[in-house]
Each structure stands twice: as C-alpha cells, then as structure tokens.
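A quick write-up on the structure given underneath.
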Amino acid sequence: MKKEKQARPAIFLDRDGVLCKERGYVTTFQELEIFPYAKMCVESIHRKGFLAICITNQSAVARGMMTENVLLELNGLLQKEVGLDAVYYCPHHPQGMGKYGVACTCRKPGVGMIEQAKERFRIGMEQSYLVGDRGSDIICGQRAGLKTVLVESGYGLEDLEQSVKPDFLFQDLQEFVDFL
Ligand SMILES: [Zn+2]
C-alpha cells in the first residue's frame, strides 16, 4: 500500500496589520513598512513545525492604484525579507476595473487562497491557524476550519464587526508566536 504523505500544519498570515504596518493602500516599496519582529516570528513559526503562508486582499490593483506586477514585486520582497513559504494575493474587487472587476472566490472572507495553499502544501487544517486584524480575516479562517487569531497591531478592535468571535486575541504576531 502506498503511504500517504503526512499533512502539514500552517500559519496563515494576513499581510497589512500583521506582517507590516496597516496604512490603507500600500502601492510602493516606501510604503511597505515590515514590522521589525516579522522575520523573527516567521523563523519561530518554522521552528515550531508550521508553514508560514501569507494571504492578502489587494484590491488596489482592481481599483487601478497599482499594477499586478508592482504587487508581485512588493510581495516578492516581503517573502524574501521575512522568509515566508508562499504569498497568495487577491487583486480583485466586485466593483473593480476590467478583468479585476469580478466577484471572485479568493477575496477574503472567501477561502480561495487557503484552498490553493492547502492543495499545494498538503495542509492539515485542524492544526492550523489564521492570524488577521479584521473581521473578514476571522470569518475566512472560520469558514476554512482554521483556528482564528485576531491581533491588535492593525485596524484594532474598534473597527471590528460585533459578531466576529476569534478563538484567540493577541496584541501582535509576536505575542501569538510566543504562545504557539
Ligand atoms: Zn480574488
């Protein structure tokens, strides 16, 4: 009998507000302010046996504020800088321009990006977490069957939808990784 490859656990990380500073739309390298602790946190995530995968909504592309190529460069820089295993992004928005103006399944709280990563890396969802700073992140994680972690380093709790109940609440990624 062929032995099934073991599923691996992962930490899904939102980008803005978790790995780098939340500043509305980030469309240039100068605006991409990676948190000083991000690299150390990803190293720690790896040491604890998890994959580190970024999933990010970037509707600035659909809004015509940035090209997809620039976004790819920004994400590439972030991936290299902090040592992520992969970065998945959604460039769409239902009211966006041209080919990006679609109601897609990848825009969070949709689970499209997680499904892609799950297939590629054979991720076991039960042991995996999603870390985000917004209600849409938490809903996305819950829909995908992940444990959900809300951090206060981005939008903060004031902007949170009342109905959202994350499994864990931490100040920032650093505090979560210490707990992990
Ligand atoms: Zn999308």
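Please treat every number below as a calculation from the coordinates, not as lab data. Since the model is a prediction, treat every value here as computed from it, not as a measurement. As a convention, Cβ positions derive from the backbone with ideal geometry for all residues, glycine included, and neighbour counts pool all protein chains shown.
So if each residue of separation counts as 0.36 nm, and I subtract the Cα-Cα distance between Thr105 and Ile34, what length gain in nm does that give?
Values: separation 71, 0.36 × 71 = 25.56 nm, distance 2.73 nm.
The span from Thr105 to Ile34 would gain 22.8 nm if fully extended.
With a Förster radius of 22 Å applied to the beta-carbon distance between Phe179 and Glu152, the computed FRET efficiency rounds to 0.95.
Cross-chain or 8 or more residues apart, Cα under 17 Å: how many lysine pairs in the range 57-180 fit that? Count them up, please.
Numbers: Lys108/Lys118; Lys108/Lys147; Lys108/Lys165; Lys118/Lys147; Lys147/Lys165.
Pairs that pass both the separation and distance tests number 5.
Helical runs (DSSP H, four residues minimum) scored at -39500 (n - 2.57) apiece and divided by the length of the chain put the mean residue ellipticity at 222 nm at -8500 deg cm²/dmol. Determine, at each q value in 0.12, 0.21 (inverse angstroms), the log₁₀ of I(q)/I(0) that the Debye formula gives when each Cα of the range 86-180 is one equal point scatterer. Evaluating at q = 0.12, 0.21 Å⁻¹ gives log10 I(q)/I(0) of -0.41, -1.11. Result for the chain in a Gaussian network model with C-alpha springs under 10 Å: among Pro94, Pro109, Pro166, the largest mean-square fluctuation is at Pro94.
If you sort the three axes of the alpha carbon gyration tensor as a ≥ b ≥ c, you get a/c of 1.5 or more for the range 45-89 and a/b above b/c, which makes it prolate. Label-to-label distance, Glu126 versus Leu72, with points set 7 angstrom from Cα along the beta-carbon direction: 3.9 nm.
If R0 is 45 Å, the Cβ-Cβ spacing of Gln95 and Gln6 corresponds to a FRET efficiency of close to 0.60.
Semi-axes, largest first, in whole Å: what does sqrt of 5 times each Cα gyration tensor eigenvalue give for the chain? The partial results should precede the final answer.
Working: eigenvalues 112, 73, 60 Å².
Computed over the chain, the values are 24, 19, 17 Å.
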